[in-house]
Amino acid sequence: MPRPAQSLEDQLPGTRHSPEFLSTPCPNWRCLALALGLLLGVGPSTCRDASGWRPNILLLMADDLGIGDLGCYGNRTLSFALKKARLLRQGCHLLLSPRTPNIDRLADHGVRLMQHIAAASVCTPSRAAFLTGRYPIRSGMVSSNALRVLQWTAASGGLPADEITFAKILRDQGYATGLIGKWHLGLNCASPSDHCHHPQAHGFDSFLGMPFTMMGDCAQAELSEKRVALERALGLWVQVSAVAVLTLAARKLARPAGSWVPVLGAALAAAALLAAARSVGRLIVLADCFLMRNHSIAQQPMDLEAASPLFLQEAASFLHRNKQGPFLLFVSFLHVHVPLVTTKDFLGRSRHGLYGDNVEEMDWMVGQILDMVDKEGLAERTLVYFTSDHGGSLESQLGSHQYGGWNGIYRGGKGMGGWEGGIRVPGILRWPGVLPAGRVIQEPTSLMDVFPTLVRLGGGQVPQDRVIDGRDLWPLLLGAAPHSEHEFLLHYCERFLHAARWHQRDRATVWKVHFATPIFQPEGAGACYGRGVCPCFGEQVRQHDPPLLFDLSRDPSETRVLTPETEPRFHEVVGRVQQAVQEHQRTLSPAPQQLDTLQNLWRPWLQPCCGPFPLCWCPEGSAQ
């Protein structure tokens with residue numbers, strides 16, 4: 001039956017009937033003109049001189065945040081997977097107030113996306129897809145050898161120069177653009193100062209933050225990404241060298257004739273390896289854990305505890321300088337990645353350990369930034385978006401301590417190519433007077449959708465010379481479109497396709513097909529404990545033929561595998577998804593893999609340093 005015709009106000013929740021709309025200083029005709037223009041496909045550039053309604057844009061992205069750790073996504077306590085599971089097994093039920101009040105309030109005043117999906121379950125490829133609106137395999141921001149993300153600041157891989165980010169397009173449209181916080185998409189190509197992958201090469205006018213990423217190794221923490229493995233490898237070579245020295249010395253003593261040079265050479269090599277083994281942790285800190293302001297090193301090593309206040313200060317300065325707009329500010333938090341660096345004011349405040357403290361501090365920072373927006377009188381002119389780059393890290397644990405997040409009812413976590421826990425993330429958008437407060441959208445959406453949405457709002461044009469996988473969210477956000485434009489979403493693990501979902505709109509069903517899944521360890525666990533992250537290929541990944549099928553509409557936790565015996569449409573659904581995968585694969589063009597070994601090794605000649613490496617030192621306060 002056809003739907004009855006609706007008035008413009010009925011089509012646009014958040015206009016006539018919304019308290020936010022009635023209270024905004026923006027005249028009604030302007031908001032209605034904005035909504036009507038966007039719905040009719042009239043780009044903001046068409047009438048921006050007349051109405052001046054291009055929004056400022058504030059993007060807030062957490063790092064490794066578990067969707068289950070937010071009150072607005074169903075959490076009633078900051079919890080983590082093992083403790084939660086143990087309490088449930090004991091029949092306990094936790095009824096504590098949520099401790100993310102600022103993010104929850106943002107959701108109350110905006111639109112909440114309930115099936116918001118990252119294009120990858122680890123940092124580098126997910127962030128590349130977010131900025132470009134394209135699956136990371138298209139830009140080569142993937143690997144095929146287990147190097148899931150950029151491993152070193154001084155690697156040569158990174159976001160290719162010919163990729164177009166929404167920051168580039170908005171800057172060309174007159175936006176002031178800034179990035180504060182984490183980058184992790186590369187830095188240099190051939191020299192320590194060519195900055196070919198730097199944020200300023202990809203559309204950001206200003207940058208203050210880490211060109212790499214926060215790591216446990218930055219704080220010499222027990223959880224280590226590189227230090228422990230390198231120490232063990234170097235220690236082994238020290239032992240080999242010591243045996244070689246003793247063997248050569250014994251041979252020389254047995255046969256006095258000849259030179260002592262081989263013995264001395266082996267001894268020097270052993271001494272050098274021993275020195276390297278003992279200093280490798282400090283060298284990693286200098287190599288990767290530093291702060292940049294634009295193209296200059298501001299702190300090396302970085303003052304970890306001072307980062308949060310410094311980033312807030314930078315956000316306040318950016319908003320004040322650019323309050324006449326339009327601006328794009330991307331605040332990419334270092335929270336809540338290990339080592340969970342937390343200022344003294346928040347240590348011990350949460351009932352859920354250091355991870356809880358870190359989440360609560362990030363929520364406070366979100367509140368501080370939103371207060372800055374209000375103080376500058378920018379709230380009604382600013383679109384705010386909050387998300388995480390992927391799900392919480394279940395394997396971030398040591399002994400009885402859990403350092404990673406909780407992904408709620410969703411199975412799996414960070415690093416898993418297909419399971420929901422690794423790719424389902426928060427998606428919250430607020431624009432008072434334009435977007436309806438309190439709207440909840442259950443349709444499948446993607447972090448890649450931010451690209452075409454922002455480009456359209458900013459008056460730019462989506463590139464026509466390449467495939468853009470994101471879809472404009474705006475009609476869905478306003479309520480003018482009943483469904484997401486995504487019929488299929490694909491879920492990669494490195495360059496390997498692990499899963500795909502099909503939104504069968506005529507049946508209001510979202511199907512999920514898994515072609516491969518990691519083998520959890522130990523048996524019966526929900527993650528690959530004992531490893532840093534689940535693998536994408538090899539003996540620890542199980543290939544499924546036929547694929548696993550789930551109905552996410554009824555089973556979002558992916559606990560009930562459907563079979564031809566239990567689901568009459570099994571072959572129809574799997575066949576349609578496989579057809580869509582083949583159609584997608586025909587659109588792929590070869591691209592150099594930026595994360596493979598050749599581009600992902602530490603290259604001494606690319607190492608940024610305040611002086612000759614390893615004598616890197618920048619005075620405190622140089623980041624101000």
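The values are calculated or read from the model by the stated rules, or taken from the named source; none is laboratory data. The shown structure was predicted, so the numbers you read here are calculated from the model rather than taken from an experiment. FYI the Cβ positions are ideal-geometry reconstructions off the backbone, even for glycines, and counts take in every protein chain you see. All accessible areas refer to the heavy atoms of the entire protein, side chains included, with ligands and DNA or RNA removed. Shrake-Rupley method; radii C 1.70, N 1.55, O 1.52, S 1.80 Å.
Within segment 456-471, the set of residues being under 20 Å from the mean Cα position of the chain (by Cα) and open to solvent by less than 30 Å² (accessible area, probe 1.4 Å) comprises I468, D469, G470. Of all residues in segment 317-356, those being modelled with pLDDT of 95 or more and not in a loop (DSSP other than H, G, I, E, B) number 11.
Give G392, G405, G433, G413 a once-over and let me know the one that is more than 19 Å from Q521 (Cβ to Cβ), touching a Leu at 6+ places or on another chain (Cβ under 7 Å), in a loop (DSSP other than H, G, I, E, B) and open to solvent by less than 10 Å² (accessible area, probe 1.4 Å). Even if it seems obvious, please write down each step before you answer.
Values: G392 fails: more than 19 Å from Q521 (Cβ to Cβ); G433 fails: touching a Leu at 6+ places or on another chain (Cβ under 7 Å); G413 fails: more than 19 Å from Q521 (Cβ to Cβ).
Selected residue: G405, the only one of G392, G405, G433, G413 that is more than 19 Å from Q521 (Cβ to Cβ), touching a Leu at 6+ places or on another chain (Cβ under 7 Å), in a loop (DSSP other than H, G, I, E, B) and open to solvent by less than 10 Å² (accessible area, probe 1.4 Å).
Against the test of being open to solvent by 10 Å² or more (accessible area, probe 1.4 Å), part of a loop (DSSP other than H, G, I, E, B) and touching a strand residue (DSSP E or B) at 6+ places or on another chain (Cβ under 7 Å), the options S557, S553 yield a single qualifying residue, S553.
Of the residues A270, A254, A276, A250, which single one is under 22 Å from N600 (Cα atoms), over 19 Å from the mean Cα position of the chain (by Cα) and of a type in the set (A, V, I, L, M)?
Values: A270 fails: under 22 Å from N600 (Cα atoms); A254 fails: under 22 Å from N600 (Cα atoms); A250 fails: under 22 Å from N600 (Cα atoms).
Being under 22 Å from N600 (Cα atoms), over 19 Å from the mean Cα position of the chain (by Cα) and of a type in the set (A, V, I, L, M) holds for just one of A270, A254, A276, A250, which is A276.
Can A244 be described as in a helix (DSSP H, G or I), out of contact with any helix residue (DSSP H, G or I) (no Cβ under 7 Å at 6 or more places or on another chain) and without any contact (Cβ under 8 Å) to a residue 60 or more places away in the chain? Taking the combined requirement at face value, the residue does not satisfy it. Hey, any hits in segment 560-569 for a residue that's assigned to a loop (DSSP other than H, G, I, E, B), of a type in the set (D, E), out of contact with any Gly (no Cβ under 8 Å at 6 or more places or on another chain) and under 21 Å from V510 (Cα atoms)? Looking through segment 560-569, at least one residue is assigned to a loop (DSSP other than H, G, I, E, B), of a type in the set (D, E), out of contact with any Gly (no Cβ under 8 Å at 6 or more places or on another chain) and under 21 Å from V510 (Cα atoms). S296 meets all of the listed conditions (1) under 30 Å from E361 (Cα atoms); (2) open to solvent by less than 30 Å² (accessible area, probe 1.4 Å) but one, namely (2). Of the residues making up segment 186-223, those that are surrounded by fewer than 21 Cβ atoms within 10 Å (Cβ to Cβ), of a type in the set (G, A, S) and closer than 30 Å to A272 by Cβ number 5.
The number of residues in segment 600-610 being part of a helix (DSSP H, G or I) and either open to solvent by less than 50 Å² (accessible area, probe 1.4 Å) or within 18 Å of C536 (Cα to Cα) (or both) comes to 1.
I'd like the residue in segment 490-544 that is assigned to a strand (DSSP E or B) and of a type in the set (G, A, S) and, out of all such residues, is surrounded by the most Cβ atoms within 10 Å (Cβ to Cβ).
Among residues in segment 490-544 that are assigned to a strand (DSSP E or B) and of a type in the set (G, A, S), the one surrounded by the most Cβ atoms within 10 Å (Cβ to Cβ) is A499.
Assessment of segment 174-184 against the conditions (out of contact with any Leu (no Cβ under 9 Å at 6 or more places or on another chain) and either assigned to a strand (DSSP E or B) or open to solvent by 10 Å² or more (accessible area, probe 1.4 Å) (or both)) yields at least one matching residue.
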